[in-house]
Amino acid sequence: MLLSLTNIHKYYNGNPVLSGVNLTIEENDRIGLVGINGCGKSTLLKIITGSVEPDRFNERDGVVSSASKTSVGYLEQMGGLSSENTVMEEMQSVFEPVHRAIERLREIELEIERGDNSSADEYQQLTSWIEANDGYNTDVKIRMVLNGMGFSETELSRTVSGFSGGEKTRLSISKLLLEEPNLLILDEPTNHLDFKTIMWLEDYLRSYKGAVLVVSHDRYFLDRLCTSICEIERGTLKRYKGNYSAFVRQREENDTRQEKEYELQQKQIAKLEDYVAKNLVRASTTKMAQSKRKQLEKIERIEKPFHETKTAKISFTYPVEPPIDVLKVKGADISVGEGAQRKTLVEDITFDVRRGDKIGIIGDNGIGKSTLLKIIQELLPHKGLVRWNSNIRISYFEQESTNLNKSLTVMDELHDRYPSMSDLEVRNLLAKVRLVGENVFKEIGVISGGERAKVCFAIMMQEHGNVLILDEPTNHLDLSSKEAIEEALAEYTGTVIFVSHDRYLLSKIADRLIELKAGEFRLHEYGFDKYLDVLRAEQAEEKRIADAEKFAKAAQAAKDKSQKSYRSKQQRSADAARKNEMKRLENEIDEMQSRIDALTEEIASEEVYSNYELMNEKCAEIDELKNKIDEHFDRLVELDV
């Protein structure tokens, strides 16, 4: 056990935020913490880290206990980077105790050279401590983490102050990973990461030597990483075994079962109450009625299943069926700027869209995804051909909702667009997207990004487009609203073209992908999960080629060295043995890496991630194999002389 919470309560202004929360975190846990905004997730994290004290009503309340070995790392606590440091200096500061130990070691070596052996014991202790903490490989660790988090070699010498907010967040995560606390707490870690970096972080955290507690709206991330999900609802915490998809399934099953049990009990209670009411005043049946009343009092009441956020009822319909061929794009380009400053980001964009296609557009930030959506609507100038067929009606979701009038109220925005709708019809429409109460009388400019998105969905429901074009539709939504949009798009029979970083949405909806890279357009005739498989295969092949080149250079260097000097028979024999051992080590590394790849695939299967013990067993085997690979590489370095 790393940490345990017992009977945690927290009240703000007399209102309960957390009530009787219990949670135990073990050494290899991968826990996802979910719940609607304001449910108490941040409060719970602050209680775990000690920055907020729980409320206590008796001595058994608010107990936060941890093992002596527990070290907690929290992303928010690591947000304060030193602005004047370079990236490398900031990361090296994590290993300051190691650097001081190595510096002291050098001092003792000089003392020994001068004949002073008084610090020999200290020298031995420092040597053992540095080796145990892998102190001579700190630069290798730093470069591995920074590279995985998307920082190039040239950026290591840049000062922290020169980076954007999103880049600083990535630096904070990198620094925290290098600290290696055995309880790692991350709050929305994927917010500023591209697909490649998220995939690296997922793999890194899955093999992390410690527990991970993560708050995230990235359901794909929760699916790939977590072995249990904790949901906070109405102040209470309930833990579910498995990843996010398993949690959703279990919660639905629990609700269905509890609903049935609740209904059966209500019928039983109604029957008993009816009997008591009819028979309590009759002399002949009074005793029996009193007995039934006592039976009623002893019944442990089952609560009716309740979730704080009712599911939005979003649906997109259209009256006019479009032709089979919807859109043709040929030789288009994505360019920005004007005149001599105009720059082409991607050219020769060519693709066709057919009725019922659901196409996801992916790529790094700033590559022109949103621009492409505007180009195909003829809203921006471009080269090439963009041709829509007849009977096409487009409904467009714009990422920043700039098509809304910020000075109008939510009600007035709908009335302005659809003057024939009554107040009741408008309010019923807004209720479908979960905009109710006083929120409908607020101005567009003061409501949240998620609420503005819901207004746009309400408008789209009235537009009845047979082609939906959406730019990051789930960006500002909570989990329940995201699920409602996914369900609506999955049921929609028209054509969908959408830009998204939401991998769960891409996985559920897209059957084809358009990928934009610097100067490159790629059309993938398959969905997002297959795309990730192909991407991993490409990355593995790139690594294989890089490793092959590295070994080839080492072999050539050894060959050149052998040609420069005469070697005796014994030397040649030793050299042959060395090469044989190097070959054996390389083969074993390949075999172990293949086993790691196979185990990684097994972990992603429901059979494994839903079985906690089996999941731990697989993860432990991966850790052992990675340690052996490191040992083999160390031995290869020793032999490559």
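So which lysines can K46 reach, going by Cα to Cα under 16 Å and dropping same-chain residues fewer than 8 places off?
K10
With a probe of 1.4 Å, find how much accessible area the chain has per residue, and write the answer as a whole number in Å².
Numbers: 33680 Å² over 641 residues.
Per-residue accessible area for the chain comes out at 53 Å².
Binning at 20 angstrom from zero up to the longest distance, how are the C-alpha pair distances of the chain distributed in percent?
Once binned at 20 Å, the Cα pair distances of the chain give 14, 41, 31, 11, 3, 0, 0.
Tell me which of I376, L205, S93 sits at the most positive position along the dipole axis of the chain, charges placed on C-beta atoms (Lys, Arg +1; Asp, Glu -1).
I376
Roughly speaking, to the nearest percent, how much of the stretch 1-85's 1.4 Å accessible area is carbon and sulfur?
Working: 1820 of 4230 Å².
About 43 percent, which is the carbon plus sulfur part of the accessible surface.
Which order do peptides 617-628, 113-124 fall in by mean Cβ count within 10 Å, highest first?
Numbers: 617-628: 15.1, 113-124: 10.8.
In decreasing order of mean packing, 617-628, 113-124 become 617-628, 113-124.
Can you compute the modelled spin-label distance between H99 and R56, with each label point 7 Å from Cα toward Cβ, in nm?
Reported label-point gap for H99 and R56 is 4.1 nm.
Over all Cα pairs of the stretch 306-376, how is the pair count split among 5 Å bins, expressed in % and running from 0 up to the last occupied bin?
Cα pair-distance distribution for the stretch 306-376, in percent: 3, 11, 16, 18, 14, 11, 10, 8, 5, 3, 1, 0, 0.
Can you work out the PRE-style zone for S422? Point 7 Å along Cα to Cβ, and I want the residues of the stretch 446-466 with backbone N under 15 Å.
Within reach of a label on S422, which here means backbone N under 15 Å from a point 7 Å along Cα→Cβ, the stretch 446-466 contributes nothing.
Among K432/K508; K175/K238; K482/K530; K267/K292; K313/K369, which pairs are too far apart, with a Cα-Cα distance over 26 Å? Kindly include the intermediate steps, with their values, before the conclusion.
Values: K432/K508 22 Å; K175/K238 32 Å; K482/K530 22 Å; K267/K292 14 Å; K313/K369 29 Å.
Over 26 Å Cα-Cα: K175/K238; K313/K369.
Semi-axes, largest first, in whole Å: what does sqrt of 5 times each Cα gyration tensor eigenvalue give for the stretch 172-225? Could the numbers behind the result be given before it?
Numbers: eigenvalues 54, 29, 24 Å².
Equivalent-ellipsoid dimensions as semi-axes: 16, 12, 11 Å.
Once you charge only the Cβ atoms, +1 for Lys and Arg and -1 for Asp and Glu, what is the size of the charge dipole of the chain about its Cα centre, to the nearest 20 debye?
So the dipole magnitude of the chain works out to roughly 1860 debye.
Choose one of S157, T169, S128: the residue whose Cα lies farthest towards the positive end of the charge dipole of the stretch 58-179 (beta-carbon charges +1 Lys, Arg; -1 Asp, Glu; about the Cα centre).
Selected residue: T169.
So how compact is the stretch 389-471: Cα radius of gyration and Dmax in angstrom?
Considering the stretch 389-471 through its Cα atoms, Rg and Dmax are 12.6, 43 Å.
Determine the gain in length on full extension of the stretch N587-M144; use 0.36 nm per residue of separation and subtract their C-alpha separation, reporting nm with one decimal. Don't jump to the answer; show the numbers that get you there.
Details: separation 443, 0.36 × 443 = 159.48 nm, distance 2.34 nm.
Here the segment from N587 to M144 would lengthen by 157.1 nm.
Residue farthest toward the positive end of the dipole of the chain, with Cβ of Lys/Arg at +1 and Asp/Glu at -1: which of N182, V637, L489?
Of the candidates, L489 comes out farthest on the positive side.
May I ask you to work out the translational diffusion coefficient for the stretch 216-324 at 37 °C, viscosity 0.692 mPa s, via Stokes-Einstein with Rh from the Kirkwood sum over Cα pairs, reported in whole µm²/s? Each step should come with its number before you reach the end.
Details: Rh = 18.5 Å.
Approximately 178 µm²/s, per Stokes-Einstein.
Could you check the simple spin-label distance between K271 and T311, using points 7 Å along Cα→Cβ, in nm with one decimal?
Going from the K271 label point to the T311 one covers 3.1 nm.
Where both residues lie in the chain, what percent of DSSP beta bridges are antiparallel, nearest 5? Present the calculation step by step, with values, prior to reporting the outcome.
On the way: 37 of 71 bridges.
Percent antiparallel among DSSP bridges in the chain is about 50.
Which order do peptides 501-507, 391-397, 316-322, 276-282 fall in by mean Cβ count within 10 Å, highest first?
Per-residue Cβ counts within 10 Å, averaged per peptide and sorted highest first, yield 501-507, 391-397, 316-322, 276-282.
Would you list which lysines come within 27 Å of K583, measuring only between C-alpha atoms, while excluding same-chain residues fewer than 8 positions from it?
Within the straight-line cut-off, K583 pairs with K141, K543, K550, K553, K559, K561, K564, K569, K626, K628.
Give me the Debye-computed log₁₀ of I(q)/I(0) at q = 0.19, 0.29 Å⁻¹ for the stretch 26-72, equal point scatterers on Cα only, no solvent, two decimals.
-0.82, -1.18
For the stretch 398-477 and the stretch 244-315, write down the distance between their C-alpha centroids in whole Å.
Result: 39 Å between the Cα centres.
For the stretch 374-472, give the percent of accessible area contributed by carbon and sulfur heavy atoms, probe 1.4 Å, rounded to a whole number.
Working: 2250 of 4780 Å².
Carbon and sulfur together cover 47 percent of it.
Can you pull the Kirkwood radius for the stretch 99-145, inverse mean 1/r over Cα pairs, to one decimal in Å? Present the calculation step by step, with values, prior to reporting the outcome.
Details: mean 1/r = 0.0869 Å⁻¹.
One over the average 1/r among Cα pairs gives 11.5 Å for the stretch 99-145.
Accessible surface of W200 in the full protein assembly, 1.4 angstrom probe, to the nearest 10 Å²?
60
Give me the mean projected area, in nm² to one decimal, of the convex hull enclosing the Cα positions of the stretch 418-513. Let's see the in-between values first.
Details: hull surface 26.6 nm².
Result: 6.7 nm².
The values are calculated or read from the model by the stated rules, or taken from the named source; none is laboratory data. Remember, it's a predicted structure, so these values are computed and weren't measured experimentally. Neighbour counts are summed over all protein chains in view; Cβ atoms, including those assigned to glycine, are modelled from backbone coordinates with ideal geometry. Quick note on the areas: whole protein, heavy atoms, side chains included, nothing else; ligands and nucleic acids left out. Shrake-Rupley method; radii C 1.70, N 1.55, O 1.52, S 1.80 Å.
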